[in-house]
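Student: Questions regarding the structure given below will be posed in turn.
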Amino acid sequence: MWCRRLSHLQSRLQDLLRGRVTCWALQQPNFKSLFPLAIQWHHTASKSLNCVWQQHEDHFELQYANTVMRFDYVWLRDHCLSASCYNSKTHQRSLDTASVDLCIQPKTIRLDETTLFFTWPDGHVTRYDLDWLVKNSYEGQKQKVIQPRILWNAEIYQQAQVPSVDFQSFLETKEGLKNFLQNFLLYGIAFVENVPPTQEHTEKLAERISLIRETIYGRMWYFTSDFSRGDTAYTKLALDRHTDTTYFQEPCGYNNYDRAVINTVPYDVVHRWYTAHRTLTIELRKPENEFWVKLKPGRVGAKLERCQVLFIDNWRVLHGRESFTGYRQLCGCYLTRDDVLNTARLLGLQA
C-alpha cells in the first residue's frame, strides 16, 4: 500500500513540476507529515507570458511583467469588475464590501491567455486582466512614473533657468497652460509674464486653472499698506517665511505669526516643540534656501506696463517679503488644490 501511495505522490509531483497542476490539496491524512511544505503553495506558469503565480493561505502572489505582486484575497474579491459588483457607467462599486468574508479564499484559480479567473466559495467568478493587476497593484504603483518634484535651493533654481509662460499662451493654448503647470508641479512656484495690471486679468488667469476659493478675505483680495486691517501683511513691514491661512480648518501650512496659544500639551512636549521650531527656522533662514524675486510693477510713472503674476504652492513653498517704502498695490486669491491638480491631470501630467 505504501509503495502504491508513494508512486501516486511521485506522479503528482512530476505533474506539478511540469506545470499541469494548478491547485493541489491532497487529502491523505499522513501527507502533511511526509511533505510539510508542499501544501503551502500552489503554482502554475505560462512560458509564453513569463507569468508565475502562487496561491498562499492568506494572499495571492503573482510574478508578471518583471514585477512580483501580492494581493489580499479580500482585496481581490472587493475589486471584482463583474456586472453584479461594479457599475461600469458610474465607475462605482455595487458590491457591499462589508459583506465579504474577511477570511475568504478562492476555490480555484486558472489562467486563460492573459486573464486570471478566481472562483469564490459561493460560485462567483472574478476575472482580472494581468496588465490591470500590474497597473493597480501596490508594487506596480511604487514603480509608476509620477510627476517629479524638484527639491531646490536658490542655486538649483537659478541654474535651471525655468522659463515663464506668456499671458496669451497661458490663456489661449493647452501647450502654454501645460508648460506652466509642469513648472508649478516641479518647483512649487511658476510665473506668468506680460499680464495686464488689473484685478480682472489676474482673476481670469486664476480661473483658467481652478475654482477660486472663497475665504474670509473674499473671492479676490486687493490690498495696499493699511494698518487699519490689523494684519502685518497690510503694512510696509517685513514678513518672515510663511504660508497662508494656518488658522483655517483646512490650512495651507506653516506660519510663524498666526499661531494660537500652545495649551494642549504638557510642558516637556512644548519644550520639544520649541527645539524643533528652532531647527526648522535655522534651516529656512539659510541664504542658500532663499530665492528672491523682484516682481515687475504694472505702472512705471504715468505709463501702464504689463506685469508679472506669481503662483505659489502653499503646501511646499514658503513666501515672505522685505520691508519697503513708498506705495504698493497687490491683488490675489486662493485656489482649490484639488482643481489645480485635476487640471494638470486632464493635460496629461501625473499630478
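Student: Would you confirm whether or not the stretch 154-163 contains a residue that is among the polar types (S, T, N, Q), outside any loop (DSSP other than H, G, I, E, B) and either at pLDDT 95 or above or farther than 23 Å from ASP244 by Cα (or both)?
Tutor: So far as the stretch 154-163 goes, yes, one or more of its residues are among the polar types (S, T, N, Q), outside any loop (DSSP other than H, G, I, E, B) and either at pLDDT 95 or above or farther than 23 Å from ASP244 by Cα (or both).
Student: Filter the stretch 164-186 for residues that are under 24 Å from the mean Cα position of the chain (by Cα) and either of a type in the set (D, E, K, R) or assigned to a loop (DSSP other than H, G, I, E, B) (or both) and give the result.
Tutor: Listed by number, the residues that qualify are LYS174, GLU175, LYS178.
Student: If you check LYS178, LYS204, which single one turns out to be of a type outside the set (S, T, N, Q) and under 19 Å from ARG306 (Cβ atoms)?
Tutor: LYS204
Student: Continuing with this model, one more query. Being open to solvent by 60 Å² or more (accessible area, probe 1.4 Å), polar (S, T, N, Q), assigned to a loop (DSSP other than H, G, I, E, B) and modelled with pLDDT of 75 or more: is that true of GLN249 here?
Tutor: So GLN249 does not fit the description; no.
Student: Could you tell me which of the residues ARG299, ARG241 is modelled with pLDDT under 85, among the charged types (D, E, K, R) and surrounded by 13 or more Cβ atoms within 10 Å (Cβ to Cβ)? Talk me through it step by step, then tell me what you get.
Tutor: On the way: ARG299 fails: surrounded by 13 or more Cβ atoms within 10 Å (Cβ to Cβ).
Answer to the selection: ARG241.
Student: Starting from residues that are closer than 18 Å to VAL195 by Cβ and either aromatic (Phe, Trp, Tyr) or open to solvent by 60 Å² or more (accessible area, probe 1.4 Å) (or both), keep the ones in the stretch 208-222 and report whichever is modelled with the lowest pLDDT.
Tutor: First, pick out the residues of the stretch 208-222 that are closer than 18 Å to VAL195 by Cβ: 208-210, 212, 220-222.
Subset that is either aromatic (Phe, Trp, Tyr) or open to solvent by 60 Å² or more (accessible area, probe 1.4 Å) (or both): 208, 221-222.
Details: ARG208: 95, TRP221: 77, TYR222: 71.
Filtering first and then ranking leaves TYR222.
Student: So, in the stretch 258-292, how many residues would count as being under 28 Å from the mean Cα position of the chain (by Cα), hydrophobic (A, V, I, L, M, F, W, C) and open to solvent by less than 70 Å² (accessible area, probe 1.4 Å)?
Tutor: Number of matching residues: 3.
Student: Taking LEU186 and the conditions (1) open to solvent by less than 20 Å² (accessible area, probe 1.4 Å); (2) modelled with pLDDT of 90 or more, which numbered condition does it fall short on, given that it satisfies the others?
Tutor: Of everything listed in (1) open to solvent by less than 20 Å² (accessible area, probe 1.4 Å); (2) modelled with pLDDT of 90 or more, LEU186 misses just condition (1).
Student: I've got another one for you. For the stretch 155-173, which positions are farther than 18 Å from THR343 by Cα and open to solvent by 90 Å² or more (accessible area, probe 1.4 Å)?
Tutor: GLU155, GLN158, GLN159, GLN161
The values are calculated or read from the model by the stated rules, or taken from the named source; none is laboratory data. The structure presented is a predicted model; accordingly, all values stated were derived computationally and were not measured. Cβ: placed from backbone, ideal geometry, glycine included. Neighbour counts: every protein chain shown. Keep in mind that these areas ignore ligands, DNA and RNA; they rest on the heavy atoms of the full protein, side chains included. Shrake-Rupley method; radii C 1.70, N 1.55, O 1.52, S 1.80 Å.
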